[in-house]
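To keep things clear, I will list the structure first and then write my remarks on it.
Any read-out appearing in this document is the output of simple, stated calculations on the displayed coordinates, not a laboratory observation. Since the structure is predicted, the reported quantities are computational estimates derived from the model, not experimental observations. All Cβ positions, even for glycine, are placed from backbone atoms using ideal geometry, and neighbour counts span all protein chains on display.
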Amino acid sequence: MKYRRILLKLSGEALMGDKSYGIDPVRLQQYANEIKEIKEMGVEVAIVIGGGNIFRGVQAEQSGIDRVQGDYMGMLATLINAMALQSALEQNGMYTRLMSGIKIESVCEPFIRRRAIRHLEKGRIVIFGAGIGNPYFTTDSTASLRAIEVEAEVVLKGTRVDGVYTADPEKDENATKYKNISFHEVYEKNLSVMDMTAFTLCQENNLPIIVFDMNKAGNLSKIIKGEVIGTLIS
Ligand code: UDP
C-alpha cells in the first residue's frame, strides 16, 4: 500500500452522472463501492465532496442573490451531497462521520481537527461537509486545507478526465497527458488543476495531488497500490 491516509476530493458535478441536476443513485453506489475497496485495504479515508450539482455561489449573482448568501447556499449544497454519500457508505457496511464547516448540530459534528484525526485512526471514513465554512472559497480549497490539517499524504482529485493535459483534451485532439508534473510547471504553463488558492496550499505544504478518472472502476484502488494512474503533481 503506497498511502496510509488519503483525502479524496469528489466534485458535486460528478455525482449527477448522466442527469443534468442532483444526485444519480447509480453513480452514488458506484462511488461507495470504489471507496469500500480502498477502505478494506486498510487505508484511512477522508472525503470532501463539492456541491456544483446543486448550487454554486457564482450562480447566485445571476439570480439577483447576494454572492455571500450564494456561497452559503453552495456550502449547504455540499452538505446535502455529503449526507447522501454518508448514507451510501453506511449501507455498504462502512463506518463514517460527517463533520461540517458550519455548525448544524442535529445533522453532523462540527469540524474539530483532533476529533477528525481520531475518527480516521479508528477506521471511520470522515466526510467534510459545508466547505471550510467561509464564503469565497471552494471545495478544492477545502480539500487542500483539510488534507493538510489531518496530515493526509495525498489529495486524490477524482474527476471525469483522466489527468492533466497539455491542453483541453475535449477541444484539442493533439493534447497529451502528463504522468508527472511539478507544481511549478503547472503554474508556469497555466494548466488547470485546482483554483489557485487550493493549488498554492498544496504547493506550500508539499502535499502531492493526483488527478484521476474516478468513473473508471478500480482506479482508486490502483492508486493506493502505487500504480501510475492519472497525473501526479508534486
Ligand atoms: N463554497 C464556499 N466555501 C467553501 C466551499 C464551498 O463558499 O469553503 C461554496 C461556493 O459557492 C461553491 C459551492 O460552495 O461554488 C460549491 O462548491 P464547489 O463549487 O467547490 O463544488 P464542485 O465544483 O466541486 O462541485
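Which of the residues belonging to the stretch 57-77 are closer than 19 Å to Gly158 by Cα and either away from the ligand (no atom under 14 Å from the Cβ) or in contact with a helix residue (DSSP H, G or I) (Cβ under 6 Å, 6 or more places away or on another chain) (or both)?
Of everything in the stretch 57-77, nothing turns out to be closer than 19 Å to Gly158 by Cα and either away from the ligand (no atom under 14 Å from the Cβ) or in contact with a helix residue (DSSP H, G or I) (Cβ under 6 Å, 6 or more places away or on another chain) (or both).
Residue-by-condition table, conditions (1) in a helix (DSSP H, G or I); (2) of a type in the set (Phe, Trp, Tyr); (3) surrounded by 22 or more Cβ atoms within 10 Å (Cβ to Cβ):
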{"residue": "Ser20", "(1), (2), (3)": "no, no, no"}
{"residue": "Arg27", "(1), (2), (3)": "yes, no, no"}
{"residue": "Tyr31", "(1), (2), (3)": "yes, yes, yes"}
{"residue": "Ala46", "(1), (2), (3)": "no, no, yes"}
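Looking at the stretch 80-189, what strands (runs of 3 or more DSSP E) fall wholly within it and have at least 3 residues that are buried (at least 19 other Cβ atoms within 10 Å of the Cβ), within 16 Å of the ligand (Cβ to nearest atom) and touching a residue at least 60 places away in the same chain (Cβ under 8 Å)? Steps first, answer last, please.
Values: elements: 96-100, 125-129, 154-159.
Correct list: 125-129, 154-159.
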